[in-house]
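The structure appears right after this line, and notes come after that.
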2 protein chains.
Amino acid sequence: MRHIAESTIRRLSLYLRFLEEFEQGGISTVSSEELAQRGGTTSAQVRKDLSFFGSFGKRGLGYDVHELAERLRQIMGLGREWKVIIIGAGKIGTALAAYRGFRERGFSVIAVYDSSPDKIGGKVDGFTVRDIRNLSRDAQREKPDIAVLTIPAEGAQEVVDRLVASGIRAVLSFAPAQLQVPPTVALKNMNMAMELESLSFALTNQD
Amino acid sequence: MRHIAESTIRRLSLYLRFLEEFEQGGISTVSSEELAQRGGTTSAQVRKDLSFFGSFGKRGLGYDVHELAERLRQIMGLGREWKVIIIGAGKIGTALAAYRGFRERGFSVIAVYDSSPDKIGGKVDGFTVRDIRNLSRDAQREKPDIAVLTIPAEGAQEVVDRLVASGIRAVLSFAPAQLQVPPTVALKNMNMAMELESLSFALTNQD
């Protein structure tokens, strides 16, 4: 498949959310105009985004809500369960381990790790915090798909290297660091301080 | 000032981080090549990003680390304190209220709000959780700059409307909803489920 832009993937996620609302509301067909309006975009954009993945909808009849939702879940890989491990049993890690929204979308937290003797063996939302030194051994057996990093910048690259060596294929990082992964590993960064800085920029440069 | 792309602002944030590391390491000059290498970009990109904000550096001599860092802090609006309020005293809100990284960058949490009687009056990292019904009254007196939303999607738009009416000019939202704000208000969305979905997409569509 050709390269799909990050912005397209985001819009697909959004379309799927709207379609699921329509499904729940008992609406069976939807036009690209309606999807566009709901998502703050244009119907041409909706059609273009969907065209990457084949042909959907019938001219003049719109899309079958359930069919399109199913297809999008398939495209996004949401028809299955992804095993998630959380690295870092601090406040953010703890909040994420307890976050119900993940499981609803098929993301199952299977373990929480930390390197601190104060944390290892403690309980986090029903998980006994594991020693990060056992990561590689556990990963061989449990084959986690996604690692969520909620650790400080210091040492984050080393942890990522270990994760990659253990066969992890996707990383969502909250560590305020530029991490390097091989091209076969997907990496997403969430940096709250940088998001706030972008707001600070906007506030400073508003007219 | 002309419109600056979000991606440029992100890179400026990164350059500033690197410059601050150089400052701490006692390095006084840096070339665009060095900044580029550190940030995984090209020196032409570094020069272009900085050129939006005037002329920096001397040909063949590179940039004065301290001078450029100072100028970037100014550009990003980081030379001052921004007052932040957190709406939602759940797990994420609590984690953010306690997050030291914000204060280090000049983002001071001044209050935490919630609508639940179970939460109002309780303590969150030293803050007494306030009743969201007092938001407008408090905002008139305290003039917060940025609101961080850690509430469910339901009701989020109503809270945003109230925030906007109270004079807030920037919102960082963790609510999994498409929020509408007037063009004078800066809005950033952090949607962890959507970030995970983008990883799920990558995992599903990897070769």
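Taken together, the values in this text are just the output of simple stated rules run on the coordinates, not laboratory data. Values in this document were obtained by computation on a predicted structure and should not be read as measured data. All Cβ positions, glycine included, derive from the backbone under ideal geometry; neighbour counts span all protein chains shown.
Think of each Lys and Arg Cβ as +1 and each Asp and Glu Cβ as -1; about the Cα centre, that makes the dipole of the protein assembly as shown roughly 200 debye. Using a label point 7 angstrom from Cα along Cα-to-C-beta, what distances in nm, from shortest up, separate A:Gly121 from the other copies? So the distances to the same position in the other copies read 3.9 nm. Candidates A:Leu149, A:Met190, A:Val109 compared by Cα position along the dipole of the protein assembly as shown: farthest toward the positive end lies A:Met190, with charges placed on Cβ. The rotation axis taking chain A to chain B passes closest to the C-beta of one chain A residue; that residue and the distance in whole Å read A:Ala95, 2. Charging the Cβ of each Asp and Glu at -1 and of each Lys and Arg at +1, and nothing else, the dipole of the stretch B:6-75 about its Cα centre rounds to 260 debye.
Eigenvalues of the alpha-carbon gyration tensor of the stretch B:41-121, scaled by 5 and square-rooted, set the equivalent ellipsoid semi-axes at 40, 12, 10 angstrom, largest first.
Based on the Kirkwood approach, the hydrodynamic radius assigned to chain B is 19.4 Å, with every pair of different Cα atoms included.
The separation of the stretch A:90-121 from the stretch A:136-189, counted between C-alpha centres, amounts to 15 Å.
Eigenvalues of the alpha-carbon gyration tensor of the stretch B:82-194, scaled by 5 and square-rooted, set the equivalent ellipsoid semi-axes at 18, 16, 15 angstrom, largest first. Highest GNM mean-square fluctuation among A:Thr184, A:Thr150, A:Thr128, for chain A modelled with Cα contacts below 10 Å: A:Thr184.
Close amide H partners of B:Trp82, meaning residues 5 or more places away or on another chain with modelled amide H under 5 Å apart, are B:Phe107, B:Ser108. Going through the stretch A:123-207, which GluC sites (Glu not before Pro) have at most 13 other Cβ atoms within 10 Å and a DSSP loop state? Here the GluC sites (Glu not before Pro) that fit, given the DSSP loop and packing criteria, are A:Glu154. Seen from every direction in turn and averaged, the convex hull around the alpha carbons of the stretch B:158-207 projects onto 4.1 nm². DSSP finds beta bridges in the protein assembly as shown, and of those with both partners inside it, around 20 percent are antiparallel. For the protein assembly as shown, the C-alpha radius of gyration divided by 2.2 N^0.38 Å, with N the number of residues, is 1.03.
With R₀ set to 30 Å, the beta-carbon distance separating A:Asp118 from B:Arg103 gives a calculated FRET efficiency near 0.80. Among B:Val148, B:Val109, B:Val181, the largest mean-square fluctuation in a Gaussian network model of chain B, built with springs joining Cα atoms closer than 10 Å, belongs to B:Val181.
Relative contact order of the stretch A:44-190, taken over Cα pairs closer than 8 Å and 6 or more residues apart, is 18 percent. In this label model, A:Glu33 and B:Ala153 are separated by 2.5 nm, measuring between points 7 Å along each Cα→Cβ vector. Between B:Phe22, B:Phe102, B:Phe174, which gets the highest mean-square fluctuation from a Gaussian network model of chain B, Cα cutoff 10 Å? Checking each option, the largest mean-square fluctuation is seen for B:Phe22. Each other copy places its own label point for A:Asn205 at 3.0 nm from this one, sorted shortest first, where the point lies 7 Å along the Cα-to-beta carbon line. Across peptide A:6-15, the mean count of Cβ atoms from other chains lying within 10 Å of each residue's own Cβ comes to 4. If both residues of a DSSP beta bridge must be in chain B, then about 20% of such bridges are antiparallel. Under a model in which nothing but the beta-carbon of Lys, Arg (+1) and Asp, Glu (-1) is charged, chain B shows a dipole of about 560 debye around its Cα centre. Take each residue in B:66-77, count the other chain C-beta atoms within 10 Å of its C-beta, and the mean is 2. In nanometres and ascending order, the distances from the A:Gly26 label point to those of the other copies are 7.5 (point 7 Å from Cα along Cα→Cβ).
Looking at the square roots a ≥ b ≥ c of the eigenvalues of the Cα gyration tensor of the stretch A:6-75, which shape do they give, rounded for a/c under 1.5, prolate if a/b is larger than b/c, or oblate? Rounded is the answer for the stretch A:6-75, as its axis ratio a/c remains below 1.5.
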